[in-house]
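The values are calculated or read from the model by the stated rules, or taken from the named source; none is laboratory data. The shown structure was predicted, so the numbers you read here are calculated from the model rather than taken from an experiment. Cβ coordinates were reconstructed from backbone atoms using ideal geometry, including for glycine residues, and neighbour counts include every protein chain displayed. Calculation scope for accessible area: heavy atoms of the full protein, side chains included, ligands and nucleic acids excluded. Shrake-Rupley method; radii C 1.70, N 1.55, O 1.52, S 1.80 Å.
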Amino acid sequence: MEKDSDILSRYRAVTNKLKKRFLKKPNVAEGSEQFASLAKTLKIQECPQYSGFCYLAQARCEHTLSNGAGESQALTEAARSFLHAEQADKELHCPTFQEHLTASINCYSHAIRVHIENKQTALAAALCLELGNVLRGFNKHGEATAHYQRAAELMSQSPLDCLAALNLVAQCKLETKDYEGALVVLTEMAYLAQERGGSSTTGKPIGAYCDVLAQCEVTRVLLLMLLQPTPQRIRPEHAQTLEKYAWESSEDSITEVFLGEDLFLLLQSVVMACQSKDLDALRALQSDLWPLLLPEQNQLLHLVIQEMAHPSGEGV
């Protein structure tokens, strides 16, 4: 492994070549290549934070050359290098102020901005999702939610991708127990899937949109059972959702189609058991629903049962 002084001297040598001199124009393209080469060397030598600084220097060169693609790529590599350094410190339980994570976030944000300036919204959205996943991995759900939301906005012309990003927003809100916030996001997802996923002939949702609607429907119903909003406070769209599961109502054929008859009837039974405070019936339904639900939905059903068993909040 090279000595630190050798690495520093190489970095300084490249930097000196880029300084403006009288009647001599610096070769910025060559400097960019040399910074990239040094960054790769440092990555191999497991010095990710120094590799990140070299990628940042490369990004500055690419900016000088007005090469947006090269600049964003170098910034992304810098972000990942700083992230690697932060993860290494975390695994070793080193005391840290998360300075490498902060540097990584700044590089990601800069790369996203460059992509947007160059009308590359798909690439910007992909980096927003990557940054959101990074922040979620560090239990920074609030910040992660903001980047997932931004990704959804950038992918507004691609409904399925937008729905996938919004689903990540909903998951973050569920993980932080922001159940009302999750309900709002899932309702937005349901409207988007109905509006953009309809068949050109029948107008009814088809394909993957039916799966999205089914997941949103189940989670929304369970959230409403957990929150138990009063008739005075419940929103019209949520009241309309619950009306479909009342025994006296005529079954909603569209809802039943994308849920399936068995799941629809089980959800209907859950709603009625909650409304009649029948804890034994709800526990019996849990065993039938367990294999049909996603992990976060099973967790919500568990919380509904806990809340009914301990109305004061004990054990929830």
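Please state which of the following conditions residue 117 fails to meet, knowing it meets all the rest: (1) closer than 21 Å to residue 76 by Cβ; (2) under 13 Å from the mean Cα position of the chain (by Cα); (3) open to solvent by 50 Å² or more (accessible area, probe 1.4 Å).
In the conditions (1) closer than 21 Å to residue 76 by Cβ; (2) under 13 Å from the mean Cα position of the chain (by Cα); (3) open to solvent by 50 Å² or more (accessible area, probe 1.4 Å), residue 117 misses (2) alone.
Need at least 1 residues that are under 30 Å from residue 157 (Cβ atoms), modelled with pLDDT of 95 or more and of a type outside the set (S, T, N, Q) per element, so show me which helices (runs of 4 or more DSSP H) inside the range 197-307 make the cut, counting only ones lying wholly within it.
In the range 197-307, the matching helices (runs of 4 or more DSSP H) lie at 208-227.
In the range 33-48, which residues are surrounded by fewer than 18 Cβ atoms within 10 Å (Cβ to Cβ) and in a helix (DSSP H, G or I)? Write out each step before concluding.
Going through the range 33-48, the residues surrounded by fewer than 18 Cβ atoms within 10 Å (Cβ to Cβ) turn out to be 33, 37, 40-41, 44-46.
Passing the criteria: 33, 37, 40, 41, 44.
Starting from the range 112-131, keep only residues that are in contact (Cβ under 8 Å) with a residue 40 or more places away in the chain, then list their pairs with residues that are among the acidic types (Asp, Glu) and open to solvent by less than 70 Å² (accessible area, probe 1.4 Å) whose Cβ atoms are within a distance under 9 Å, requiring at least 6 positions of separation or different chains.
Filtered contacts from the range 112-131: 114/71.
Return yes or no: is residue 147 open to solvent by less than 40 Å² (accessible area, probe 1.4 Å), under 24 Å from residue 98 (Cα atoms) and not hydroxyl-bearing (Ser, Thr, Tyr)?
The answer is yes for residue 147.
Which condition from (1) open to solvent by 10 Å² or more (accessible area, probe 1.4 Å); (2) assigned to a helix (DSSP H, G or I); (3) within 26 Å of residue 123 (Cα to Cα) is the one that residue 30 breaks?
(3)
If a residue has to be touching a helix residue (DSSP H, G or I) at 6+ places or on another chain (Cβ under 6 Å) and either surrounded by fewer than 18 Cβ atoms within 10 Å (Cβ to Cβ) or outside any helix (DSSP H, G or I) (or both) to count, how many in the range 64-82 make the cut?
Looking only at that region, the number is 3.
Could you identify the single residue in 152, 165, 122 that is closer than 30 Å to residue 57 by Cβ and of a type in the set (A, V, I, L, M)?
On the way: 152 fails: closer than 30 Å to residue 57 by Cβ; 165 fails: closer than 30 Å to residue 57 by Cβ.
None of the other options fit; the residue is 122.
How many of the residues in the range 288-303 are open to solvent by 80 Å² or more (accessible area, probe 1.4 Å) and not aromatic (Phe, Trp, Tyr)?
Qualifying residue count, the range 288-303: 5.
List every residue pair whose Cβ atoms sit under 9 Å apart, with the two residues 6 or more apart in sequence or on different chains, where the first one lies in the range 91-109 and is part of a loop (DSSP other than H, G, I, E, B) and the second, anywhere, is open to solvent by less than 100 Å² (accessible area, probe 1.4 Å).
Close Cβ pairs (under 9 Å, with a partner that is open to solvent by less than 100 Å² (accessible area, probe 1.4 Å)) amount to 94/88; 95/89; 96/86; 96/89; 98/86; 98/89; 98/138.
What residue, of 173, 119, is part of a loop (DSSP other than H, G, I, E, B) and of a type in the set (Lys, Arg)?
119
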